[in-house]
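Just below is one structure, and these are the notes that go with it.
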Amino acid sequence: MPPMKIALIGASGFVGTRIVEQWNLTGAFEIVPIVRSYSSLAVLARFELPWQVCDLFDVPALARAMEGCDAVVHAAIGDPGQIEQMAQSIYEAAEIAHVRRLVVLSSASVHGQAPEPGTDETSPLHERHSMAYNSAKVRAEKALHRLSASGNVEVVLLRPSVVYGPRSRWIADTARQLLEGSACLIGDGNAICNGIYVDNLIAAIELALQVPQAAGETFLVGDPAPMTWRSFYQQIADALGIDMATVGSIPPPIFPRSFKSKITDFAAQPAIQKLLPFIPGRLKRLTKLVLANWNEPPAENAWQLPAPVRFTTTEELSLLQQCQWQLPQQKAQKILGYIPKISAEEGMQRSLQWLKFAGYPVIKPGGPPAFT
Amino acid sequence: MGNDIISAVLVGCGAVSRFFYGPALLDLQSRGILTVEALVDPSAPNRQPLAELFPQARQYSRLEEAELRSRLVIIATPPKFHAQAAIHAMQSGAAVLCEKPMASSIDEAQAMIDTARATQSLLAVGLYKRFFPACENLKGILERQPLGRLKKFTIEEGGKFGWQAASDSFFRKSETPGGVLLDIGVHVLDLLLWWLGEPGTVDYEDDALGGQEANCRIGLTYRDGVHGEVRLSRDWSTRYEYRFEFERGQIRYHVNEANRLEIIVDGMPSLLDGSLRDPGSHRIERTNPQSFIQQIVNVTAAMRGREPLKVPGEEGIRSLRLIGHCYAHRRLMEMPWLTATEIAAAQCRP
């Protein structure tokens, strides 16, 4: 039997890149990568592939790109203002293209970054998260349920939390912060990191594409056993030869709603998103530019010694590092037959080997890269 | 040619022309050095933004329609059209400035050089980083060695691909035969050849799996024992840095910072981060865009017989030859996160 033909939306992202690598080399599935711009082909072009470039909000164009595919995997990222609309466009296009199933990479952040103990797939969702991204993911899930209730395309939602692996920001950003001395943990760092190595996520996607009983279901997925955030940082610090004593410990910061985040959240509202096409592009670009430069640090005072490197965290990371709940995977195990094969230790080792490949000064495993 | 204003014909109206040649030619036109007489591109919408910059320029969809005798023909088409356009222009009596890479194959590049010789035409290649003051200063330091003998160098260049490509032809191996090595590597290897001459041995590996490489590594060893490592990527952000280690110090050049170098000399506990200035006037040296303009000035000066071409075809082909050698002796990069099955399949890819 020929392999299933899968349209992969967001094929140039971190997860998409690894899916292409794996499926193309193993021949597990025939892939039609779909990306938003020609420049997104730069890494995909390592393979000879029948890629499609189109606007993810242009339903007819998207449907043409999906033509002949058995299923679609939606792994595209977007800002909070785009997430819901993108999910809708992809579903509508899949309907037109007569695709059988749509597997969507949602996120465990629909429960918040630090979910309440007892959280599972049945926990009620709300749209009042402090992070606009979380609420947007909730709205996208709701939109997909609404559409699939009256449509023909089956939807399977996967909710991974911290996806790490080669090219992951969790690995690269943590390494960068450790190297510049700005890395810190909330409290003692012993909160739970609900991580999932990218290859485990791909295994879950493969099952979500094929298991008939998965239709219409939502699954939390993760590594075989979680690690603590301290352990996550420790492994990267060890690889870089950095003493964990240099990693700060800070209390959970309060993130007041800055002017920048208020504007971003306001723009993410569905009603405002509908108005955005009528706002001139130059004004939108100017606003983005102003917001991007909003947090310019104040000039140094010549009569003060330079400030030490500040520990930095983000609202997302800070919340994640307060997580006390290991997200359950029983439903994925029971319905999908999901048994993650790669342990967190092995996943970290492979991620660190990529870090070395990418030119970071990794001293183990295997000594520093030749070119540093 | 004398002091007459040179007429320029811009062939290919894609991103390079819009973002680089357009503003450069506008400046030179305002100074009376040249005038843009014609724009050539099969696509009228492509020509439009440049036609707005140069309203006096005639527009053609084919180069054969334009008058070329005694003109400066600037070729900024996709590389596979470079040779055909350049040869036609030189046979029509024009001087040619051809964007990098000079051609899509060494044979084509050689045919361009042969035509330049046969027709006694000027053929320049757009390797404009040779006009960076930082690169000119580095050449002087590498030749005179005031910090002692060069021991080794490392180069990291490239980041997540951001060029606004107008089609996928840039990424199709059938249309553009190489990836990051042919794209940014052509500048890197051109500078190395200019600074250090031909390497004795070259060791090359990349991550292409049937298509174009997004990452590559080149090990270069020179006859005097100097060893260098070059790492290029269009996948993630590198340090964008050239680092030369001498017996008594180190010099760092940050990619595209045309008038800045960093120097560490033995005995200095600090790093000296300096802008390059004219020693007499203290005026800051050429910027990156000014260096781009300067390469065109050099071609116009050569057309007037006032100075030699800084990057003639014979120089442009050298980096292309080295790239050809790399691809011919290519090894697959080790990608240790791949599974055993994936590695086995990867090793079977051409």
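Read-outs throughout are calculated quantities, based only on the coordinates presented, and are distinct from any laboratory measurement. The structure displayed is predicted, hence computed values, not measured ones. Because the Cβ atoms are built from the backbone with ideal geometry, glycine has one as well, and the counts that use them run over all protein chains shown.
Points to keep in mind about this one:
- Computed over segment B:203-350, relative contact order equals 21 percent, with contacts defined as Cα pairs under 8 Å that lie 6+ residues apart.
- Rg of the Cα atoms in segment B:5-71, relative to 2.2 N^0.38 Å, amounts to 1.00.
- Put simply, the C-alpha atoms of chain B give a gyration tensor, and the ellipsoid matching it has half-axes of 34, 27, 18 Å, longest first.
- Rounded to the nearest 20 debye, the dipole size of the protein assembly as shown about its Cα centre is 900 debye, using +1 on the Cβ of Lys and Arg and -1 on the Cβ of Asp and Glu.
- Over chain A, Cα pairs under 8 Å with separation of 6+ residues give a relative contact order of 18 percent.
- Segment A:122-154: GluC sites (Glu not before Pro) in DSSP coil with no more than 14 other Cβ atoms inside 10 Å: A:127
- Restricting segment B:188-266 to trypsin sites (Lys or Arg not before Pro) that sit in a DSSP loop and have at most 16 other Cβ atoms within 10 Å of their own Cβ leaves B:223, B:248.
- Packing-based exposure ordering (other Cβ within 10 Å, fewest first) of A:351, B:43: B:43, A:351
- Cα centre as origin, Lys/Arg/Asp/Glu Cβ charges: chain B dipole, Debye: 460
- Antiparallel beta bridges, as assigned by DSSP with both residues in chain A, represent about 5 percent of the total such bridges.
- Most positive-pole-ward Cα, B:34, B:292, B:246, against dipole of chain B from beta carbon charges: B:34
- Antiparallel beta bridges, as assigned by DSSP with both residues in the protein assembly as shown, represent about 40 percent of the total such bridges.
- A quarter of the convex hull surface defined by the alpha-carbon atoms of the protein assembly as shown gives 34.6 nm² as the mean projection.
- Average Cα contact separation per residue, chain B, under 8 Å, 6 or more apart, as relative contact order %: 18
- Exposure proxy ranking for B:183, B:278, B:168, based on other Cβ atoms within 10 angstrom of each Cβ and starting from the fewest, stands as B:278, B:168, B:183.
- Remark: A:5, A:341 ranked as A:341, A:5, counting other beta-carbon atoms within 10 Å and listing the fewest first.
- Of interest is the spacing of the C-alpha centroids, which for segment B:158-207 and segment B:208-232 amounts to 10 Å.
- Taking the DSSP bridge list for chain B and keeping only pairs wholly inside it, about 55 percent are antiparallel.
- Centroid-to-centroid separation of segment A:182-232 and segment A:12-50 [C-alpha atoms, Å]: 22
- Volume in Å³ per residue [convex hull over Cα atoms, computed for segment B:6-126]: 85
- All Cα pairs of chain A, percent lying beyond 39 Å: 17
- Every helix of 4 or more DSSP H residues in chain B counts as -39500 (n - 2.57), and over all residues that averages to -9500 deg cm²/dmol at 222 nm.
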